[in-house]
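Quick one: the structure is below, questions incoming.
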Amino acid sequence: VCVRGTPVELTKREFDLLHYLLENKGLVLSRETILEKVWGFDFEGETNAVDVYVRFLRGKIDEVFGLKLITTVRGVGYVIRDEI
């Protein structure tokens with residue numbers, strides 16, 4: 001992935017999560033939906049896995065480039081807004 005022309009190294013799971021969020025830009029996605037679509041139907045972990053990976057993405061993108069790419073919708077999930 002490149003941000004502002006600079007390569008950002010992501011794990012496969014980080015990439016899959018970012019890709020899914022970008023495909024659904026503007027839509028608020030629940031943690032459960034994200035788990036189902038990114039981790040798969042057979043994933044038996046906790047929904048906080050999504051929170052952990054969002055934190056990883058924020059550390060690699062938001063903090064480095066001064067962005068607010070992924071927005072938390074309290075009590076619901078996450079969204080990437082259209083204005084990015």
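The values are calculated or read from the model by the stated rules, or taken from the named source; none is laboratory data. None of these values were measured; they are calculated from a predicted model. Because the Cβ atoms are built from the backbone with ideal geometry, glycine has one as well, and the counts that use them run over all protein chains shown. We work out accessible area using only protein heavy atoms, side chains counted, and drop any ligands, DNA or RNA first. Shrake-Rupley method; radii C 1.70, N 1.55, O 1.52, S 1.80 Å.
Which parts of the stretch 1-41 would a label at residue 48 reach, counting a residue when its backbone N lies under 17 Å from a point 7 Å out along Cα-to-Cβ?
Residues 31-32, 35 qualify, since their backbone N sits under 17 Å from the label point.
Pairs of lysine in the chain with Cα under 15 Å and at least 8 positions apart or on different chains: total? Present the calculation step by step, with values, prior to reporting the outcome.
Numbers: 12/37; 12/60; 25/37; 25/68; 60/68.
Final tally of qualifying lysine pairs is 5.
Now a separate question. From the phi of every residue in the stretch 9-17, what ³J(HN,Hα) in whole Hz does the Karplus formula 6.51 cos²θ - 1.76 cosθ + 1.60 yield, where θ is phi - 60° and glycine or proline is x?
Taking θ as phi minus 60°, the curve returns 7, 10, 6, 4, 5, 4, 4, 4, 5 Hz for the stretch 9-17.
Given a 1.4 Å probe and heavy atoms of the protein chains only, how would you sort 37, 12, largest accessible area at the top? Walk me through the numbers on the way to the answer.
Numbers: 37 120, 12 150 Å².
From most exposed to least exposed: 12, 37.
While we're looking at this one, here's another question. Quick one: how many Å² of residue 80 are accessible to a 1.4 Å probe, rounded to 10?
0 Å²
Accessible surface of residue 82 in the full protein assembly, 1.4 angstrom probe, to the nearest 10 Å²?
100 Å²
I would also like to ask the following. Work out the FRET efficiency for residue 81 and residue 12 from their Cβ-Cβ distance, taking R0 = 30 Å, and round it to the nearest 0.05.
Numbers: r = 25 Å, r/R0 = 0.83.
The pair residue 81/residue 12 has a calculated efficiency of 0.75.
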